[in-house]
Every structure is written in C-alpha cells, then in structure tokens.
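The values are calculated or read from the model by the stated rules, or taken from the named source; none is laboratory data. Fair warning: this is a prediction, and the values are worked out from it, not measured in the lab. For neighbour counting, all protein chains shown are included, and Cβ atoms are generated from backbone atoms with ideal geometry for every residue, glycine included.
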Amino acid sequence: MSALQSASGKGQPAATRAYDVVVVGAGFAGMYMLYRLRKQGLSARVYEQGGDVGGTWYWNRYPGARCDVESMQYSYSFDDELQQEWSWSERYAPQPEILNYANHVADRFNLRSDIQFDTRVDRAEFDESANTWSVTTSDGNTVTAKHVVLATGCLSNAKMPDIKGLGDFKGKVYHTGHWPHEPVDFTGLRVGVIGTGSSGIQSVPVIAEQASHLTVFQRTANFSIPARNAALTDEERDSFRSNYREIRRIAREEMRNGIVQEVPDRGALDDGDNERRAKFEARWARGGLTFMGVYNNLALDQAANDTAAGFVRDKIAEIVKDPQTAKLLQPNNHPIGSKRICIDTDYFAAFNRPNVTLVDIKSDPIQQILPHAVRTSAREIEVDALVLATGFDAMTGSVAKIDIRGRNGKTLNGKWAEGPKTYLGLMSAGFPNLFIITGPGSPSVLSNMIVSIEQHVEWISDCIGYMRDRDLVAMEASQDAEDRWVAHVNEVAHTTLYPQANSWYMGANVPGKPQIFMPYIGGVGLYRQICNDVAAKGYEGFVMTAAEPLQRAAS
Ligand code: NA7
C-alpha cells in the first residue's frame with residue numbers, strides 16, 4: 001500500500017496514519033511546502049499551533065506591526081496569477097494586510113483541508129528500521145511520515161523576559177510576538193514598553209498616541225531609518241507587475257538579501273565627506289532598508305560603518321529636542337546593521353511628545369515589577385499596562401521546543417547544545433529525511449524571507465521527488481559535509497562586522513544560549529548556486545539509502 005493510500009485513513013485508527021510528509025507550521029513556508037507536495041502527488045499533513053495560517057503574521061498583531069521589506073517584493077512569486085491579482089495598498093504592508101494575503105493564498109489553493117490547526121508537534125522520532133518518522137502531536141495522536149519538514153519560522157518563539165515580579169503585575173501584560181486577537185485600547189492608560197528592537201520601535205509611536213503616558217524602557221539604543229511609508233499608486237503597482245518575472249529573477253540570483261535594489265560600486269571612504277553625506281541624505285529621504293546598500297563595505301569595514309552610524313546619530317540628535325534623551329537614543333555599542341536595522345514611522349519624534357518618557361535601563365536597571373509599577377534602581381514608575389517587546393528565541397527556539405530524536409535516539413537539542421549545526425541550513429547529520437526551511441546555516445533572516453522560503457521549498461520538494469524516482473528511502477547530511485559547511489558559515493560571518501553585536505543573530509539575547517552567528521551571510525544568490533550545484537551533483541554531501549528489495553516491492 002502506498003503512503004498516499006494509507007493517508008486516506010479508511011478503516012484505520014488515526015494513530016497509525018501514514019503520510020509521505022509531515023510539515024510543521026503553516027506560515028509562508030509551510031503553506032508553500034504543502035502546495036508543492038500536493039502538486040507532486042504526495043500526501044502531506046501540516047500541523048500548526050496557531051488557529052489559522054500566517055505564522056509570524058498570525059501572532060505579531062501589535063500596534064504598528066509592518067514588514068520591513070517593501071510589499072511588492074514581500075510576496076510569493078511561484079504563481080503569476082497570484083502576484084498579478086493581489087493588490088498591496090501601501091509601500092510597507094501592515095500586519096492585517098499581510099495576514100489577509102496569507103488567508104487569500106490558503107483559500108485560493110484550498111490549503112486548509114490538509115492543515116490541522118491548534119495542534120503542536122511535540123515529538124518526532126526516527127524509526128531506523130522503517131526509515132520513517134513517528135510524529136506525536138499535542139492532541140495525543142501519532143502519525144508516521146517518510147519525511148518531516150520543519151517550517152517553524154525564525155521569529156516565532158516569543159521570549160518572555162526574566163524580570164522579578166512580572167507575575168505580580170496587576171495590569172495587563174502583552175508580548176508583541178503573542179498579541180491578542182481582539183483590539184487593545186490603551187486610551188487613558190499609563191503604559192510601559194520594555195524593549196526597543198523592531199517591535200518596540202514600530203509600536204511606540206502608535207501606543208504614544210493612545211496612552212495617557214508612555215514610558216519606554218531601553219536597554220540598548222537601536223539604529224532606525226524612516227520607513228517613508230505611503231500608499232502605493234497604480235503606476236507603482238503596475239510597474240512591478242509588468243516586470244515581475246525579471247524582478248524576481250534578480251532578487252533570487254543577483255541580490256545578497258533577495259531585495260532588488262541598486263548595487264553599490266564603491267565603499268564609503270571612496271567618496272569625500274560632502275558627497276558621502278549627500279548620498280546618505282538621499283537614502284534617508286528615500287527611507288527603508290536600502291539605506292545600508294548605499295556603499296558596498298558598510299557591513300565589512302569599521303571605518304566605513306562609522307560614517308553611516310555617525311550620520312544616523314546626527315539625525316537622531318536633529319529630531320529629538322531634549323539633548324539628554326537624544327544622547328540616550330543614539331546607538332553607540334554596535335556597528336550599524338550588525339543588529340537588524342529597524343524601519344520606523346516617527347519613532348524618534350515620539351520622544352518629543354510630553355506624554356513619552358525614555359528610561360535607560362542600562363544605567364538604571366529594572367529591579368522588579370510591582371503590582372502597579374516598574375521599579376528601577378533609581379525610581380518607581382507607575383504603569384497600568386506593560387508591553388514586552390523583548391523579542392524571540394530566534395532561529396532555533398521553535399525547533400528546540402520539539403523533542404526530535406534521530407539515529408540512535410540522539411536528540412537534536414543535545415546535538416545543538418553548543419549551537420546549531422547543519423549542512424546548508426537544510427539538514428542536520430544524524431537526522432535523516434528531516435528538512436528545515438530557512439534554518440540556521442542558510443541566509444534566512446538576512447534575506448527577504450519569502451525569497452529564501454521559496455528557494456528552500458523548491459529544493460526540498462525536488463529532493464523528495466529525486467528520492468521517490470530512485471526508490472531512495474533515506475537521505476541525510478554527511479558529517480564531513482556538515483562540518484565543512486558549519487566552518488564556512490562561521491568563517492564568512494567573521495569577515496564582517498556582524499558578530500560584534502549582541503544580537504539575536506548570535507543567540508546573544510537568550511541567556512545561556514550558545515553564541516554562534518546563525519544565518520549564512522554569503523548572500524542568497526551565491527547560496528542558491530551552491531544548493532543547485534549540490535543537487536546537480538546527485539546531492540553531494542548527502543548520504544542516500546536505497547530501499548531494500550522487499551520494501552521496494554511493497555511500496
Ligand atoms: P529584538 O530585535 O530582539 O528586540 C528585543 C528588545 O528587547 C531589545 O531592545 C532588547 O534589548 C530588549 N530586551 C530583551 N530582553 C530584555 C530584558 N530582559 N529586559 C529589558 N530589555 C530586554 O525583537 P523584536 O521583536 O523587536 O524584533 C525581532 C525581529 O522581528 C526584528 O529584527 C525584525 O526582523 C522583525 P537588547 O538589545 O537585548 O539589549
């Protein structure tokens with residue numbers, strides 16, 4: 001009996017259902033994975049812990065939440081009708097619109113019938129005799145699958161800060177990464193926001209408009225560039241739509257981060273002071289992530305980076321009227337871009353409002369949360385509600401929550417105790433037939449996620465097709481290929497300024513997490529080429545196991 005037939009489950013207890021593939025997560029990665037697997041005629045079951053599709057855009061509903069990649073480029077490219085028919089309203093789509101888009105895709109391709117919502121995958125165990133995975137879910141069921149694909153997302157495991165007394169707080173506590181579905185109204189309330197990463201920076205100006213008073217607790221000042229968000233015009237949309245084929249090709253093949261933009265031909269120190277300042281001014285006026293693309297060495301050369309960092313610090317001083325507040329808001333402990341640069345709408349200007357106060361918790365740390373206040377070493381600040389914009393256990397956090405056991409019963413958590421180890425970010429030695437989408441060791445969070453997701457999904461589905469065509473029952477990364485890739489990822493990271501920052505790229509935001517630069521910084525174009533070459537050479541660096549004759553006859 002083929003897996004496809006047995007997956008129909010006719011006459012079988014649910015506990016023995018067998019699928020070709022189990023996919024964990026129904027965000028953009030899981031949805032496209034399902035679409036591809038179905039096209040290949042494979043049976044697939046997707047488990048999603050949320051109540052609907054959308055992944056990060058399902059959970060991150062905080063005020064002001066937007067994508068920092070421009071909407072026309074933050075969308076699927078795999079179906080031309082889809083990209084022609086969908087109409088983004090703004091340069092940077094707000095979270096509800098991105099979630100609508102995810103729902104539209106699920107409806108359009110009828111994806112929900114193979115997705116089980118409100119269900120976590122708790123455990124996945126590889127059965128070496130059958131070459132299948134046994135997957136146990138939070139509803140108590142166990143199914144088997146030839147392959148498991150972790151589409152668990154990179155920023156999906158919200159991190160609660162370990163602050164004394166948090167449980168004693170009498171008001172409402174919200175985490176930006178786990179925001180309620182019903183509207184939250186801060187009107188008339190004294191609100192405290194803890195954290196000034198992207199989520200804090202996006203939400204502060206919006207909350208400031210509602211709250212009677214807003215106190216922002218900042219541990220590390222962050223670089224942020226104005227988004228210059230605006231409604232998209234028909235001309236802008238049409239210009240993308242009529243050139244999508246070429247735009248997508250360039251994003252995939254030629255760009256380091258999967259976002260189409262001008263490629264700089266010089267370093268920051270190749271221009272004189274006036275010319276450089278004029279270029280930074282032009283990018284600041286244009287707004288958005290491409291600020292960092294004005295020169296080709298901002299991520300590589302400290303002196304070059306200093307010019308961009310200094311420019312942004314000057315801008316902060318121009319915007320923020322109180323010199324002491326401005327000084328606190330000027331980042332000074334990491335190179336610009338080494339933590340993910342933020343894109344904001346009126347963040348720095350919000351501190352000119354009479355109802356917004358900045359508290360520097362580096363010099364005046366939070367000691368305790370009291371029932372109605374935050375107590376720092378110097379004062380007690382009364383608040384009615386707390387917003388924790390404290391980020392995520394990024395890249396590995398959601399994988400670590402699943403008890404994954406590979407060959408010889410070894411756990412993935414045990415193997416990754418000193419940092420994640422993968423070959424190409426796609427597989428980890430000792431864990432056959434287990435794929436990771438945008439995993440550590442791939443460009444993932446250093447890129448336009450949808451570009452990287454599409455590349456991984458297509459590579460994985462091609463790989464599964466290759467195995468099926470050749471009666472291969474198991475595939476895994478060789479230890480040697482993995483070791484070489486881990487060393488390469490690390491080596492490339494250390495040619496840049498990125499490892500200098502205590503960032504979530506490094507795992508530095510989670511106490512006790514090993515500090516290793518997790519994403520691959522070589523660029524999506526080069527990375528795609530490497531993955532394609534590996535596949536063209538019969539999956540070089542992977543070990544394939546053929547089916548036993550008996551197994552072949554039965555399948
Ligand atoms: P980030 O970027 O990880 O930011 C988290 C912020 O919270 C950051 O300012 C942290 O300060 C701060 N933080 C974390 N833990 C604490 C504690 N215990 N006390 C005080 N302050 C704390 O998460 P975001 O959600 O903003 O953004 C994540 C990504 O989503 C972003 O990069 C975009 O790609 C989208 P720290 O810097 O660690 O000193």
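Any idea which residue in the stretch 62-74 is nearest to the ligand (Cβ to nearest atom), counting only those that are in a loop (DSSP other than H, G, I, E, B) and within 18 Å of Ile341 (Cβ to Cβ)? Ranking the candidates gives Asp68 first. Asp162: surrounded by fewer than 20 Cβ atoms within 10 Å (Cβ to Cβ), within 11 Å of the ligand (Cβ to nearest atom) and assigned to a loop (DSSP other than H, G, I, E, B), yes or no? Yes. Arg228 meets the conditions (1) within 18 Å of Ile316 (Cα to Cα); (2) touching a His at 6+ places or on another chain (Cβ under 9 Å) in every case but one. The failed one is (2). Of the residues examined, Val148 is not one that is modelled with pLDDT of 95 or more, within 21 Å of Glu458 (Cα to Cα) and assigned to a helix (DSSP H, G or I). Quick check on Ile404: is it buried (at least 21 other Cβ atoms within 10 Å of the Cβ), among the β-branched types (Val, Ile, Thr) and either at pLDDT below 95 or over 30 Å from Val184 (Cβ atoms) (or both)? Considered against the rule, which asks whether it is buried (at least 21 other Cβ atoms within 10 Å of the Cβ), among the β-branched types (Val, Ile, Thr) and either at pLDDT below 95 or over 30 Å from Val184 (Cβ atoms) (or both), Ile404 comes out as yes.
Condition check ((1) of a type in the set (Val, Ile, Thr); (2) touching a residue at least 12 places away in the same chain (Cβ under 8 Å); (3) within 16 Å of the ligand (Cβ to nearest atom); (4) in contact with a helix residue (DSSP H, G or I) (Cβ under 7 Å, 6 or more places away or on another chain)) across all residues:
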| residue | (1), (2), (3), (4) |
| --- | --- |
| Tyr32 | no, yes, no, yes |
| Asn60 | no, yes, yes, yes |
| Tyr76 | no, yes, no, yes |
| Glu85 | no, no, no, no |
| Tyr92 | no, yes, yes, no |
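Within the stretch 515-534, if we keep just the residues that are within 16 Å of the ligand (Cβ to nearest atom) and of a type outside the set (Val, Ile, Thr), the residue that is modelled with the lowest pLDDT turns out to be Gln515. If you go through the stretch 388-414 and keep only what is touching a strand residue (DSSP E or B) at 6+ places or on another chain (Cβ under 9 Å) and of a type in the set (Lys, Arg), you end up with Lys401, Arg405, Arg407. Within the stretch 49-73, if we keep just the residues that are of a type in the set (Gly, Ala, Ser) and under 18 Å from Thr438 (Cα atoms), the residue that is surrounded by the most Cβ atoms within 10 Å (Cβ to Cβ) turns out to be Gly55. Cβ-Cβ contacts under 9 Å between residues 6 or more apart (or on different chains), taken from a first residue in the stretch 193-213 that is without any contact (Cβ under 8 Å) to a residue 60 or more places away in the chain to a second residue that is more than 9 Å from the ligand (Cβ to nearest atom) and in a helix (DSSP H, G or I), are listed as Glu209/Ala350. Ala378 meets all of the listed conditions (1) within 18 Å of Ser198 (Cα to Cα); (2) away from the ligand (no atom under 11 Å from the Cβ); (3) of a type in the set (A, V, I, L, M) but one, namely (1). Applying the condition of being closer than 27 Å to Asn448 by Cα and of a type in the set (Asp, Glu) to the stretch 316-372 and asking which residue is farthest from the chain's Cα centre (by Cα) yields Asp346.
When you look at Gly414, is it within 30 Å of Ile436 (Cα to Cα) and assigned to a helix (DSSP H, G or I), yes or no? Considered against the rule, which asks whether it is within 30 Å of Ile436 (Cα to Cα) and assigned to a helix (DSSP H, G or I), Gly414 comes out as yes. Within the stretch 94-125, if we keep just the residues that are in contact (Cβ under 8 Å) with a residue 60 or more places away in the chain and of a type in the set (Val, Ile, Thr), the residue that is surrounded by the most Cβ atoms within 10 Å (Cβ to Cβ) turns out to be Val121. Sort out which residues of the stretch 484-509 are more than 16 Å from the ligand (Cβ to nearest atom), free of Cβ contacts under 8 Å to residues at least 12 places away in the same chain and over 16 Å from Ile530 (Cα atoms), and write them in order of number. Passing the criteria: only Glu491. Residues of the stretch 187-215 that are within 10 Å of the ligand (Cβ to nearest atom) and either touching a strand residue (DSSP E or B) at 6+ places or on another chain (Cβ under 6 Å) or at negative phi (or both): Val193, Ile194, Thr196, Gly197, Ser198, Ser199, Gly200, Ile201, Gln202, Ser203. Could we say that Gly419 is modelled with pLDDT of 95 or more and either more than 16 Å from the ligand (Cβ to nearest atom) or under 20 Å from Ala151 (Cα atoms) (or both) here? Spelling it out, it is not the case that Gly419 is modelled with pLDDT of 95 or more and either more than 16 Å from the ligand (Cβ to nearest atom) or under 20 Å from Ala151 (Cα atoms) (or both). When the stretch 123-159 is limited to residues that are over 30 Å from Gln218 (Cα atoms) and under 21 Å from the mean Cα position of the chain (by Cα), the one that is farthest from the ligand (Cβ to nearest atom) turns out to be Val148. Within the stretch 382-405, the set of residues being part of a strand (DSSP E or B) and either of a type in the set (Asp, Glu) or within 14 Å of the ligand (Cβ to nearest atom) (or both) comprises Glu382, Leu386, Val387, Leu388, Phe392, Asp403. The combined condition, being more than 18 Å from Val204 (Cα to Cα), away from the ligand (no atom under 16 Å from the Cβ) and touching a Pro at 6+ places or on another chain (Cβ under 8 Å), is not fulfilled by Gly414.
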